[in-house]
Amino acid sequence: MTARRYLFYIAHNYSFEILRPLQQKIWANGDEVKWLAIGQEVNLSYFQSNESVLSSIDDARAYNPNASFAPGNEIPSFIPGLKIQVFHGLEWKKKGHFVIRDFFDLYCTHGPATTSRFNTLAQKHGFFDVVETAWPKLDYLFTSPAMPIKDNLHAQEKKIILYAPTFSPTLTSAPALFDEIKRLSEQKNYHWLIKFHPKMATQWIEQYKTLIKDNVQIIETSSINELLQTADIMVSDTSSVIGEFSLLNKVTVSLNNKEPGDYLVNIQTADQLEPAIERALNPSKELKTAIKAYADDLHPYQDGQAAQRILSATENILIHGKKAKKSKPLNLFRNLKQRKKLKYWAI
């Protein structure tokens, strides 16, 4: 059988960790994959020597992929093939997670929390399929090694706190928590790992860099799995990484989470951070139970086979066609915006 051609359409560095498990499965099946990086927010140095990178949209069209996978919300219609949405995070509370933008043929959902909503939307719109596959980024979550510092810090009886705020100006905790994190980093026996979202405002990144010392590190990497494995607890807000951390049965302290649940230690003000950290480091049985229930609803899969399920769902459509009966809308306005954004006007 002729090898399938797949395209990874990316615009942000977080895409690498999401799509590489899928790439490994594609290669194992004897198929082909190429990457197309759009915009200025992808660090091209993150590409590995064995990865094939296209230089332009024209090259992507000439490649003529059977299917394209996107962790983002958009992919232009003038790229051939099926369009598969694999999502950039687990956090369904953020604005826009359930917005249907008419770009995709298949939505690969992560668990019951999102599958039921997308099934309802599929019935309403009638032009896309929904398959619960789990999230490929998490195929390696449970096997990723912790950072080398972990044993050493625990030997020093230092607890490791990961601070991972979201970037959204209306949701981020970065401004509100700076002074308190500064105070705790100077007075408490904690080791802080700080990981910013790729879209975080530069002013906050620069301000937090002033905290760097022996017990404060800012981690600049496209991978977060090893940080999740390393940290004892996490501090955040309404970031999608909360879901990933919860899958490891670990506690998150959140500041003004958009929809706080009993699986979080949610606080309203910065002065509540210190006691909340103590509670997170000594979780009650009820808190542990709530975290497990949340994780099971969000992403019940721990078998490392999300990438394979995504490929199987894609292959099923390529062979048998979509279950959805309606044709995908022309989506003229959004596709025009894509052309303007990408400065691409070829027919």
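Can you give me the long-range amide H partners of Tyr163? Hydrogens built in the peptide plane at 1.01 Å from N, cutoff under 5 Å, separation of 5 or more residues or another chain.
Result for Tyr163 returns Leu193, Ile194, Lys195, Val235.
On a 0 to 90 degree scale, rounded to 10, what angle separates helix 112-125 from the longest Cα axis of the chain?
Helix 112-125 and the main axis of the chain meet at about 30 degrees.
Alpha carbon centre of the stretch 125-171 versus the stretch 266-284: separation in Å?
Each part's Cα centre sits 20 Å from the other's.
With the contact rule set at Cα under 8 Å and sequence spacing of 6 or more, what percent relative contact order holds for the stretch 1-57?
42
Angle check, please: helix 332-342 long axis (alpha carbons) against the longest principal axis of the chain (alpha carbons), in degrees 0 to 90, nearest 10.
70
Please go through the stretch 201-305 and write out the chymotrypsin sites (Phe, Trp or Tyr not before Pro) that DSSP classes as loop and that have at most 14 other C-beta atoms within 10 Å.
none
Near Pro329, within a Cβ-to-Cβ distance under 11 Å, what is the net charge of the other residues, with Lys and Arg +1 and Asp and Glu -1?
On the way: positive: Arg101, Lys326, Lys328, Arg334; negative: Asp102.
Residues near Pro329 contribute +3 overall.
Distance check, please: which entries in Lys34/Lys150; Lys182/Lys250; Lys199/Lys337 exceed 27 angstrom between their Cα atoms?
Working: Lys34/Lys150 36 Å; Lys182/Lys250 23 Å; Lys199/Lys337 21 Å.
Where the Cα-Cα span goes over 27 Å, the pairs concerned are Lys34/Lys150.
Sum -39500 (n - 2.57) across every DSSP H segment of at least 4 residues in the chain, then divide by the residue count to get the 222 nm mean residue ellipticity, nearest 500. Kindly include the intermediate steps, with their values, before the conclusion.
Numbers: 12 runs with 125 residues, N = 347.
Theoretical 222 nm ellipticity from helices: -10500 deg cm²/dmol.
Tilt of helix 174-187 relative to the longest C-alpha principal axis of the chain, in degrees (0 to 90, nearest 10)?
Compared with the principal axis, the helix lies near 40 degrees.
Per-residue HN-Hα couplings for the stretch 9-25, Karplus 6.51 cos²θ - 1.76 cosθ + 1.60 at θ = phi - 60°, whole Hz, x for Gly and Pro?
The phi angles translate into 9, 10, 9, 9, 5, 5, 5, 4, 5, 6, 9, 5, x, 5, 4, 4, 5 Hz.
Enter the accessible area per residue of the stretch 159-297 (Å², integer; probe 1.4 Å; all protein chains in place).
Roughly 42 Å² per residue, with all protein chains present.
Under a crude label model (7 Å from the Cα following the beta-carbon direction), how far is Thr210 from His320 in nanometres?
Distance between the two pseudo-spin positions: 6.0 nm.
GNM, the chain, Cα, under 10 Å: largest mean-square fluctuation among Asp271, Asp296, Asp105?
Asp271
Which part of the stretch 96-140 falls in the paramagnetic zone of Leu248, meaning amide N under 14 Å from the point 7 Å along Cα-to-beta-carbon?
138-140
Where does each of Arg334, Arg101 land when they are ordered by accessible area, with a 1.4 Å probe and the largest first? Mind showing how you got there, number by number?
Numbers: Arg334 80, Arg101 50 Å².
Descending accessible area places them as Arg334, Arg101.
To the nearest 20 Debye, how big is the dipole of the stretch 113-198 about its Cα centre, given +1 on the beta carbon of each Lys and Arg and -1 on that of each Asp and Glu? If you can, show how the numbers build up before the last one.
Details: 10 positive and 8 negative charges, 31 e Å.
Rounded to the nearest 20 debye, it is 140 debye.
Of the peptides 323-329, 275-281, how do they stack up when ordered by the mean number of other Cβ atoms within 10 Å, highest first? Write out the running numbers ahead of the final one.
Details: 323-329: 12.6, 275-281: 17.0.
For the peptides 323-329, 275-281, the packing ranking is 275-281, 323-329.
Probe radius 1.4 Å, ligands and nucleic acids left out: which of Lys250, Lys337 has the largest accessible area, and how do the rest follow?
Values: Lys250 35, Lys337 120 Å².
From most exposed to least exposed: Lys337, Lys250.
Within the set of other residues whose C-beta is less than 10 Å from the C-beta of Ala3, count the net charge using Lys and Arg as +1 and Asp and Glu as -1. Can you show the working numbers first?
Numbers: positive: Arg4, Arg5; negative: Asp31, Glu32.
Once all neighbours under 10 Å are counted, the net charge is 0.
The values are calculated or read from the model by the stated rules, or taken from the named source; none is laboratory data. Because the structure is predicted, anything quoted here is derived from the model rather than measured. Every residue, glycine as well, gets a Cβ built from its backbone with ideal geometry; the counts of neighbours run over all protein chains shown. Remember, those area values only see protein heavy atoms, side chains included, never the ligands or the DNA or RNA. Shrake-Rupley method; radii C 1.70, N 1.55, O 1.52, S 1.80 Å.
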